Amino acid sequence: MPHHDTPGDIRPGEGLPTDALEAYLKDTLPGLEGPLSIAQYPSGASNLTYLVSCSGRRMVLRRPPMGTKAVTAHDMGREYKVLSALHQHWPYAPRPLAYTEDISIVGSPFYLMEHREGIILRKDLPEGVLDTPQKLRALYERFVEILAALHQLDYTAIGLGDLGKPAGYVERQVLGWCKRFRAAHTPDVPDCEAIMAWLVTRMPAESDRPGIIHNDYKFDNIVLDPEDPRRIIAVLDWEMATI
């Protein structure tokens, strides 16, 4: 079964300083020896993702994009914190390995997590993968079951009590959508005021059972077992997770 997201050459301007990274990793993760190799995953520009290999060990490095960024965007520490709590209680969160805010190493904060080999679905399915309605149904059902299991976690008990502010969450989201649409509105599109009013008047009441939400849960953020693509083995990209 082919791997559907094979890393390759690093895009121009997005390289990592190999010597500095190698020195940091060998000082931080015991047992690493020999040269370091780095490849880049082709998809994704919100945060840059690399496959780092050394001594036969494969790890994934995540860092913010190059250039100027909003202060609160691309928070590597937040992703590392979420994974550090989740992976002990929810098996689909990859285990985090290291995090640093020392920008002298690669030019920004970054973290590393374990690499889980598998298939990531994109626009075109790999040949022979999920090629029957029964296989697709099984994957869709598992997709929902895993999300439900995430929502049932006691986020305070696992150490994520300060991750978000659940009170008023829906109102902030809906009013934020409306504000951003109005700010970006141009005369060549409808004003959508009726739709925005509909959303505002139909906001659900506050829940007495807040929980963790991934906030970007979709098929190209999950990893499938290469031997059985109906089985999900990891959920990726936790940068927007909250309570």
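Given the structure, is G211 surrounded by 12 or more Cβ atoms within 10 Å (Cβ to Cβ), in contact with a helix residue (DSSP H, G or I) (Cβ under 9 Å, 6 or more places away or on another chain) and part of a loop (DSSP other than H, G, I, E, B)? Talk me through it step by step, then tell me what you get.
Numbers: surrounded by 12 or more Cβ atoms within 10 Å (Cβ to Cβ): yes; in contact with a helix residue (DSSP H, G or I) (Cβ under 9 Å, 6 or more places away or on another chain): yes; part of a loop (DSSP other than H, G, I, E, B): yes.
Taking the combined requirement at face value, the residue satisfies it.
Go through the residues of region 82-99 one by one and say whether even a single one is touching a strand residue (DSSP E or B) at 6+ places or on another chain (Cβ under 9 Å), part of a helix (DSSP H, G or I) and open to solvent by 20 Å² or more (accessible area, probe 1.4 Å).
Yes.
Yes or no: E22 under 19 Å from D216 (Cα atoms) and part of a helix (DSSP H, G or I)? Before the answer, list the steps.
Working: under 19 Å from D216 (Cα atoms): no; part of a helix (DSSP H, G or I): yes.
Answer is no for this residue.
Identify all residues within region 20-70 that are of a type in the set (A, V, I, L, M) and touching a Phe, Trp or Tyr at 6+ places or on another chain (Cβ under 6 Å); write none if there are none. Even if it seems obvious, please write down each step before you answer.
Narrowing region 20-70 to residues of a type in the set (A, V, I, L, M): 20-21, 23, 25, 29, 32, 36, 38-39, 45, 48, 51-52, 59-61, 66, 70.
Within region 20-70, I38, L61 qualify.
Within the set of pairs 6+ apart or on separate chains, which have a first residue in region 124-153 that is free of Cβ contacts under 8 Å to residues at least 12 places away in the same chain, a second that is surrounded by 11 or more Cβ atoms within 10 Å (Cβ to Cβ) and not in a helix (DSSP H, G or I), and C-beta atoms under 7 Å apart?
L136/L130
Output the qualifying pairs, or none if there are none: Cβ atoms under 8 angstrom, residues six or more apart or on different chains, first residue in region 41-65 and farther than 14 Å from R116 by Cα, second residue open to solvent by less than 10 Å² (accessible area, probe 1.4 Å) and among the polar types (S, T, N, Q).
Here the result reads L48/Q40; R62/N47; R63/N47; R63/S108; P64/N47; P64/S108; P65/N47, each pair linking region 41-65 to a residue that is open to solvent by less than 10 Å² (accessible area, probe 1.4 Å) and among the polar types (S, T, N, Q).
Residues in region 47-63: is at least one closer than 27 Å to F143 by Cβ and surrounded by fewer than 17 Cβ atoms within 10 Å (Cβ to Cβ)?
Yes - at least one qualifying residue is present in region 47-63.
Going through L175, L199 one at a time, which residue ends up being modelled with pLDDT of 95 or more, more than 27 Å from the chain's Cα centre (by Cα) and of a type outside the set (S, T, Y)? Spell out the reasoning first.
Values: L175 fails: more than 27 Å from the chain's Cα centre (by Cα).
None of the other options fit; the residue is L199.
List every residue pair whose Cβ atoms sit under 6 Å apart, with the two residues 6 or more apart in sequence or on different chains, where the first one lies in region 68-81 and is under 10 Å from Y111 (Cα atoms) and the second, anywhere, is modelled with pLDDT of 75 or more.
Hits for this filter: M76/P109; M76/F110; M76/Y111; E79/W238; E79/E239; Y80/P96; Y80/Y99; Y80/Y111.
Can you tell me which condition Q88 does not meet? The list is (1) under 21 Å from D216 (Cβ atoms); (2) modelled with pLDDT of 90 or more; (3) of a type in the set (S, T, N, Q), and all the others hold.
(1)
The values are calculated or read from the model by the stated rules, or taken from the named source; none is laboratory data. Worth saying up front: this structure is predicted, and the values here are computed from it rather than measured. Every residue, glycine as well, gets a Cβ built from its backbone with ideal geometry; the counts of neighbours run over all protein chains shown. Just so you know, the surface numbers come from the protein's heavy atoms only, side chains and all, with ligands and any DNA or RNA stripped out. Shrake-Rupley method; radii C 1.70, N 1.55, O 1.52, S 1.80 Å.
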